[in-house]
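Each remark here refers to the structure printed beneath this line.
The values are calculated or read from the model by the stated rules, or taken from the named source; none is laboratory data. Given the structure is predicted, the values throughout are model-derived calculations rather than measurements. Surface accessibility is based on the protein's heavy atoms, side chains included, excluding ligands, DNA and RNA. Shrake-Rupley method; radii C 1.70, N 1.55, O 1.52, S 1.80 Å.
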Amino acid sequence: IVDWAMRYGNPSIESRMQFLQEQGCERILVFPLYPQYAAATTATVNDKAFEALMKMRWMPALRTVPPYHDDPAYIEALASSISAHLKGLDFEPEHIVASYHGIPQSYFKKGDPYHCQCQKTSRLLKEHMGLDDGYLLTTFQSRFGPEEWLQPYTDKTVERLAHEGIKRIAVVNPGFSSDCLETLEEINGEVRDEFVDNGGEHFSHIPCLNDSIEGMKLIETIVLRELQGWI
């Protein structure tokens, strides 16, 4: 059975665990759709899955999918998606900005590997696509509150690029498996306006993998690998 649940919405992880129990499932693979591990994302999905089981008189065999930030299938899917999008533009970007969701610096200092995994994704993507040094920039978005977050910040970076005379950029979100408010509204809205208001002329948001062929093949590849020995 293939099922899905949401960490912060409906259907909830708990409700889907109950559904799987009712269907007689005894082996479950939990797949947090976050390529890079963070305690606030990947870990909380797994926590909620186990918390749901703690309330139930049922204990299936359970596996969890590890981060796939450096998986060749993931890098290939990203590269293919980006290349196809760029071919459809009527301008050539002077830079591609890889914008990841930020986390507080305090998380990084406690040992969270998220920052390192984001950097590795960008490096592998650059190498796979044969991009020149400095063409792909890694930044972090969605900060809030008084605490310092991972830098460089996406909004400040695009503002700086515009002030430096850069007129054409594209932004991709490699840390998101599907588009949401933080890609469509924040990046394709607020960050776009930040770039244009400061002198930029051409801006394009590269969609996340979503339900594209590349995105579905990626999920299939990872799931089949993690199910080895069960099927």
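Taken as Cα centroids, the range 115-132 and the range 91-110 sit 12 Å apart, rounded to the nearest whole angstrom. Per residue, the chain exposes 53 Å² of accessible surface when a 1.4 Å probe is rolled over the protein heavy atoms with every protein chain present.
Ignoring ligands, DNA and RNA, please state the percent of accessible area on the chain from carbon and sulfur, probe 1.4 Å.
Taking all protein chains in place, the chain shows 51 percent carbon and sulfur surface.
A convex hull fitted around the alpha carbon atoms of the chain yields 137 Å³ per residue. The three principal axes of the Cα atoms in the range 41-107 give end-to-end lengths of 58, 30, 19 Å, sorted in falling order. Classify the range 66-159 as rounded, prolate or oblate from the Cα gyration tensor: take a ≥ b ≥ c as the square roots of its eigenvalues, call it rounded if a/c is under 1.5, otherwise prolate when a/b beats b/c and oblate if not. Because a/c hits 1.5 or more and a/b fails to exceed b/c, the range 66-159 counts as oblate.
For helix 42-54, what angle does its Cα long axis make with the longest principal axis of the chain, in degrees from 0 to 90 and rounded to 10? Helix 42-54 sits roughly 20 degrees off the main axis of the chain.
Taking a ≥ b ≥ c as the square roots of the eigenvalues of the Cα gyration tensor, an a/c ratio of 1.5 or more together with a/b no larger than b/c marks the range 104-201 as oblate. If you take the alpha carbon atoms of the range 1-98 and fit the smallest convex hull around them, that volume is 141 Å³ per residue. Lysine pair count for the chain (Cα-Cα distance under 29 Å; residues 8 or more apart in sequence or on different chains): 22. In a fully extended conformation the segment linking residue 164 and residue 225 would gain 17.4 nm over its present Cα-Cα distance, using 0.36 nm per residue.
I need to check one value: relative contact order of the range 146-222, counting alpha carbon pairs closer than 8 Å and at least 6 residues apart, in percent.
Numbers: 71 pairs, mean separation 30.2, N = 77.
Reported relative contact order: 39 percent.
Note on the chain: GNM, Cα springs under 10 Å; of 24, 189, 102, the largest mean-square fluctuation is that of 24.
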